[in-house]
Amino acid sequence: MKPLSERKRLDELESYLTTRIIGQKHVIPQVANEIRNGELSMHRESEPRGRLFFCGPTGVGKTQMAESITEFIFGSAEYLHKFDMSEFKGLNGLEKFIGNISGEVGRLGYVLEKHQKGTLLFDEFEKADASVWELFLQILDKARITVGRDKTIMLSEFYIVFTSNEGSEKIIDNKYTPFTRIEEYVRERVKLKFKPEMIQRFKNLIVFNKLSIDEQTLICRPMLEMEIDRLSKKFNIKIDYEAEILNLLVSRGYDAKYGARNMKNVIDDQVRNALAKHLVAGDLASGKLIFNRSNHQLDFII
């Protein structure tokens, strides 16, 4: 069993996730329960440490949740290993995933040979070939997989996370239907997509809601400050910003369909363009990002 100090730290999990995940309060207790069980070794030794299935639209926090729990448990997001499952569709999808008899171990085998613990994130799982889906009956139930070179690898120290966009159009288009009914619709869609024996290996299908403009506004500031901090360190300068630029970024970045992903793209584009003009002019001095009313863009001034 983990030392008492580590067990007590699990009391902080829900508070920690609340600071990291905006607009999805309803999913945090479900996720926290699974993580606590895993960290207290409630699972059978033949099972993965935890199994989570996140459903919902793009850009609403599914990947951010996987990153957050990984950082909380292992101390770094480097322990998160993400697989874009659209890469494993078609006739050669299975071979790309687990290798072949000629000695290749595939993408999954390559990660598992290098790492003994962490979070395995299988993003947009529905896009993989059905032959890849079949592998997960063994992964989810027995925490093991046989890859190329006929090598069997154990996954009992890993958390397994699926994401899926199945049924997301109903969430995006919803205006008046109670979210509990939308959740049920999405869960039924996912259950129709995959075999029952796979779905039954998850305690819950956890459905993320779309983000309102107010929630995306709350997300904007930390995203902006993270990008500013990265660029400040890269060029060894101090970068401030006036609060007014947040209005510009939110107005251009808000997207009901693509969520915070579009907000991040707008922030990156606007901030980098403004700083690049400053650097090209020959200046490498600290300054401030401001809203230029003449061209409705960001400028960087010393």
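Structure notes:
- When residue 156 is tested against the conditions (1) at pLDDT 90 or above; (2) within 26 Å of residue 196 (Cα to Cα); (3) among the polar types (S, T, N, Q); (4) surrounded by fewer than 15 Cβ atoms within 10 Å (Cβ to Cβ), the lone failure is (4).
- Answer residue from segment 253-264, given it is part of a helix (DSSP H, G or I) and open to solvent by 90 Å² or more (accessible area, probe 1.4 Å) and is modelled with the highest pLDDT among those: 264
- Restricting segment 196-212 to residues that are of a type in the set (Val, Ile, Thr) and either open to solvent by 80 Å² or more (accessible area, probe 1.4 Å) or at pLDDT 95 or above (or both) leaves a set whose member that is farthest from residue 253 (Cα to Cα) is 206.
- Candidate set: segment 249-288, residues that are in contact with an Asp or Glu (Cβ under 7 Å, 6 or more places away or on another chain) and not β-branched (Val, Ile, Thr); chosen: the one farthest from residue 173 (Cα to Cα): 288
- A single member of 136, 122 is touching a residue at least 60 places away in the same chain (Cβ under 8 Å) and among the aromatic types (Phe, Trp, Tyr), and it is 136.
- Here residue 124 passes the criteria (1) of a type outside the set (A, V, I, L, M); (2) at negative phi; (3) modelled with pLDDT of 95 or more; (4) open to solvent by 10 Å² or more (accessible area, probe 1.4 Å) except the one numbered (2).
- For residue 21, the conditions (1) under 26 Å from residue 258 (Cα atoms); (2) in contact with a strand residue (DSSP E or B) (Cβ under 6 Å, 6 or more places away or on another chain); (3) buried (at least 18 other Cβ atoms within 10 Å of the Cβ) all hold with the exception of (2).
- Pairs are defined by a Cβ separation below 6 Å, a sequence spacing of at least 6 or placement on different chains, a first member in segment 284-297 that is under 15 Å from residue 270 (Cα atoms), and a second member that is assigned to a loop (DSSP other than H, G, I, E, B); the pairs so defined are 290/242; 291/244.
- Given (1) crowded, with 19+ Cβ neighbours inside 10 Å; (2) more than 12 Å from the chain's Cα centre (by Cα), index of the condition residue 61 fails: (2)
- Residue within segment 106-119 that is modelled with pLDDT under 90, open to solvent by 40 Å² or more (accessible area, probe 1.4 Å) and either within 30 Å of residue 8 (Cα to Cα) or not in a helix (DSSP H, G or I) (or both) present: no
- Elements of type helices (runs of 4 or more DSSP H) contained in segment 1-69, each with 2 or more residues being more than 25 Å from residue 190 (Cβ to Cβ): 4-9, 13-20
- All positions within segment 85-126 that are farther than 23 Å from residue 47 by Cα and charged (D, E, K, R): 87, 89, 95, 96, 104
- In segment 4-18, the qualifying residues are those that are surrounded by 12 or more Cβ atoms within 10 Å (Cβ to Cβ) and over 14 Å from the mean Cα position of the chain (by Cα), and the one that is modelled with the lowest pLDDT is 7.
- Of all residues making up segment 289-302, the number that are among the charged types (D, E, K, R) and either within 30 Å of residue 169 (Cβ to Cβ) or open to solvent by 60 Å² or more (accessible area, probe 1.4 Å) (or both): 1
- Of the residues in segment 94-101, not one is under 24 Å from residue 186 (Cα atoms), at pLDDT 90 or above and touching a strand residue (DSSP E or B) at 6+ places or on another chain (Cβ under 9 Å).
- Counting only strands (runs of 3 or more DSSP E) wholly contained in segment 150-216, the ones carrying 1 or more residues that are without any contact (Cβ under 8 Å) to a residue 24 or more places away in the chain occupy 151-154.
- Restricting 240, 229 to those that are open to solvent by 20 Å² or more (accessible area, probe 1.4 Å), more than 20 Å from residue 57 (Cα to Cα) and either β-branched (Val, Ile, Thr) or not in a helix (DSSP H, G or I) (or both) reduces the list to 240.
The values are calculated or read from the model by the stated rules, or taken from the named source; none is laboratory data. Everything quoted here is computed from the prediction, not taken from an experiment. Using ideal geometry, Cβ is built from the backbone for each residue, glycine included, and neighbour counts are taken over all protein chains shown. Areas reflect the complete protein model, heavy atoms only, side chains present, ligands, DNA and RNA absent. Shrake-Rupley method; radii C 1.70, N 1.55, O 1.52, S 1.80 Å.
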